[in-house]
Structures are given as structure tokens and as C-alpha cells.
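Everything on this sheet refers to the single structure shown next.
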Amino acid sequence: MIAGLNIRLKDVVWGDVLYKYGLPGRMVAGVLRNLYAVFRDIFTGQLTLRAMGLVYTTLLSVVPLVAVSFAVLKGFGVDQDLEQYLYGLLEPLGDKGVEITGQVMALVNNVDGSVIGGIGLAFLVYAAISMVQKIEESFNYVWYVSKPRSFATRFVEYSAVLIIGSLAVTLALRTIASLGEEDIVVSMQENTVMSPLFTLASTLTPYAVIIAIFTFLYKFMPNTTVKFKSALVGGLAGGFLWVSASRVFGALIASSTNRQAIYASFAIAISALLWLYLNWLILLIGSQLAFYFQNPAYMRIGRREPRLSNAMRERLALNVMLIVGSAFRDTSKTVNLRELSAQLRIPSITVAPIVLGLEANGLLTTAENEELLPGRDMARIKLNDILAVVRVEGETGSHREPQWSSAITTLGNNIDSAVATTIGDKTLSQLLDDTESP
């Protein structure tokens, strides 16, 4: 019965049943497909596991992260707004949110650069940056990115995010607060005509701020090219879910009396853990929706990695070396893994193992800026060496030698000889000459 319902559900979601109802049917089908894909990803466990990992990282990094942000804001004279922002983040916890905010701020205020010294300050910066790194790794997982940014790039970009992000959020909060105190704004709020508009604006402002933050994260955090439209779709979905969930969670916490009676002093920790987990899960759900909007082909297959035939892997290895060699000859061009993926129209998670295999055999090398370069003189890179990476290298073998039939052994040797005869001693340099000649 359950199997039958599942088949029927898939027919409705992925079939063309709803398309006969025109535009409304197509819109409903799109919403159902996104919901189906997200719930499938949640139930498979990877999103939930990564959300739990981010909760653990948050517990270790929250004080260093706030301390570094506090130090930056203190230099600009706006450090007093940090406590208000932190309380706004923990507001769904009710009175416990005020208590946690006070404890965190007390710890932050005790952080004195002259006391902790250079090693302690370096640890604070490392802990703060490591949290941003964990967020990037989770986004990279969602976007099928197998290779993170280089250490130098991460350090510069993460530092910029911590500094600029702290200032942007604080200045936005201060601007909103100052506007509410202006005489003209106060008079308009008291006006019977304008008052409903201001009430609506005050209700929508939290959504707008969170949607903007989520869109920024979805656009710039993954180590791949994310279109702004895709990031905005994820930001709209994630931001709406985050603000709505915070209000529902806050109402549940405020109305819960049994929790305090059962868990006693542990109630504050349990509430904080649940809230952090919900935050990270919603953030990852929004990123997953942004990915599916930009890559709708993955919506149905989910996290299953595309599988390539042996013939496709051989062509892929040759094509990768051809593109890298061509870019190396043209001083005005560079190529990296993301550009390879886009040019070949193959996901980077599928191209990456081939690139790593070519690197391991000295045929490719990666520069500091992630540019891919030939591993040695292209006149010394034989096409047979490239094919060997996917045809021979990488075998795990077994504890015993396989016993082939003599006919199969002969046939295999003939195939290998035919491939070697066809390619001969041709090199990558000669292949490039052939492709560049009229």
C-alpha cells in the first residue's frame, strides 16, 4: 500500500498530470517538486548531519566570533549595538535569550588583548574563521563542489566577511532604530492613514533583512559561480522560513511549562541547541533550493553522483588535458576546475576525480590561484599516459590475482594493443598542434 502511494505521488509530482491545468498547474508542479526534493534530502540524513555539525562548531566558536566582531565594532565606535543584535538573534528563546546574551557579552567584555597576548588573539581569530569555513564546506557539499578555496583566499575573504558583515548588520540596525525616532516618522506613525503602512513595514523589515543576509551567503559562500537569481530564490525561501520559524519557536517556548519542570536547569541549554539546529537546517534548506533552481536536472536524482562509462572517462581525461594545454599556450587565458566543469557541461564533482588522478600522476598541477597547469612539458606528456590514468591507474585490486579465461586474456591484450597502436607515441603537444592547424 505504501509502495503504491509512493508510486502515485511520484507520478503526480514528476509526471505531466498537473500540466494540463495550464500555468497554475505548472506552478503547483514546480512547488511540489521542490518540496519533494528538499524533504527527500532531509530524510536521507546528510543535511541534518551537517546542521548538527554546525551546531557543534557554533558552540565552540560563538564567543570567539562575537569577540572578534566586538573588537571590530569597538574600533568604529558602534560596539554597543552588538548586544542588541545578539539578543535579536536569540529572541525566540524568550527570557532565556536575555540570559544567554548577558552571559556571552560578559565573556566577550572580559576578553582583553593585553591579557590574552598574541597566541590567545590568534586562537580567537582562528576559531572565528573556522566557523565561516565550516559554513563554506556545507554550502560546497550542497553545490557539489569538491575543492575548497585556497588558505590565502579563505583567510582574506573570511576576514572581509567578518568585518564588513558585522559593520553592515550593525549599521542597518542603527539606521532602522534612528529612523523610528525621527519626528516626521513619529508623526506619520500617528496618522490614521499611514499607520497601517508603518505597521506592515515593521512586520516585513525582519524578513527583508534576513532575506538579504541569506542571499549574500548563498551568492558568495560556495566556491562556485552562483547566479544572483538563484541566490535570491534561496534567500527568499530560507529567509521566510527562518523568520516564521523563529516566531513559532518563540511562541512554543513561551507557552511551554512542562519543559522547565522536566529539564530544570538544562532547559536553557536544550532550548539553545534546538534553536541553533533549526537555524542551520533552514540555512542549508535555502541553499539546497538555490542549487535546484540553478540546476533543475538534479532535482529528481538528488545526491546520486552522475556515473560515467569507461569510454566517457577516457574522453573526459583527454579533453581536460586538451583544454588545460590550450589555455597554457594562450597567455591571455587561464582555466580552473569550475571553468572546466562549465565548458564541458559536466558537474565539477564528476570532473574532480579525473583531475585529481591526473595530478597524482604528474600530468597536471594546481597553482596557488587554483589555475590548472600541465604537470610537465607537454611534448613529454603522451596520450597513452593520459588514458592510463582512467584505464589502468586507481585499481584497488584484491587479495588474490583474478583468474581470467585464456580467451578473455587474449581479447583484452588485443584491445590494449589496438588502443596503443591507434595513439602510438602521440603527445599532448602534437594533439594541440593538430587542433590548432587549419
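Summary of values
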| read-out | value |
| --- | --- |
| Boolean, Val62 is at pLDDT below 75, assigned by TED's automatic domain parsing to the domain that holds Leu281 and either surrounded by 15 or more Cβ atoms within 10 Å (Cβ to Cβ) or within 25 Å of Leu283 (Cβ to Cβ) (or both) | yes |
| Condition broken by Glu368, with the remaining ones in (1) of a type outside the set (Gly, Ala, Ser); (2) part of a helix (DSSP H, G or I); (3) closer than 16 Å to Lys147 by Cα; (4) in contact (Cβ under 8 Å) with a residue 40 or more places away in the chain satisfied | (2) |
| Given (1) surrounded by fewer than 18 Cβ atoms within 10 Å (Cβ to Cβ); (2) farther than 22 Å from Lys426 by Cβ, index of the condition Asp377 fails | (2) |
| Every residue from region 335-348 that is closer than 24 Å to Asp377 by Cα, among the aliphatic types (A, V, I, L, M) and assigned to a loop (DSSP other than H, G, I, E, B) | Val335 |
| Residues located in region 284-334, provided they are among the basic types (Lys, Arg), at pLDDT 80 or above and assigned to a helix (DSSP H, G or I) | Arg313, Arg315, Arg329 |
| Condition check for Leu372: farther than 20 Å from Asn310 by Cα, assigned by TED's automatic domain parsing to the domain that holds Glu339 and at pLDDT 80 or above | yes |
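Conditions tested, residue by residue: (1) within 20 Å of Arg313 (Cβ to Cβ); (2) surrounded by fewer than 18 Cβ atoms within 10 Å (Cβ to Cβ); (3) of a type outside the set (D, E, K, R).
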{"residue": "Leu340", "(1), (2), (3)": "yes, no, yes"}
{"residue": "Val351", "(1), (2), (3)": "yes, no, yes"}
{"residue": "Ala367", "(1), (2), (3)": "no, yes, yes"}
{"residue": "Arg391", "(1), (2), (3)": "yes, yes, no"}
{"residue": "Ala407", "(1), (2), (3)": "no, yes, yes"}
{"residue": "Asn413", "(1), (2), (3)": "no, yes, yes"}
{"residue": "Ser417", "(1), (2), (3)": "no, yes, yes"}
{"residue": "Asp425", "(1), (2), (3)": "no, yes, no"}
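The values are calculated or read from the model by the stated rules, or taken from the named source; none is laboratory data. Quick caveat, the model's predicted, so the values are computed rather than measured. Ideal geometry is used to build each Cβ from the backbone, glycine not excepted, and the neighbour counts take in all protein chains shown.
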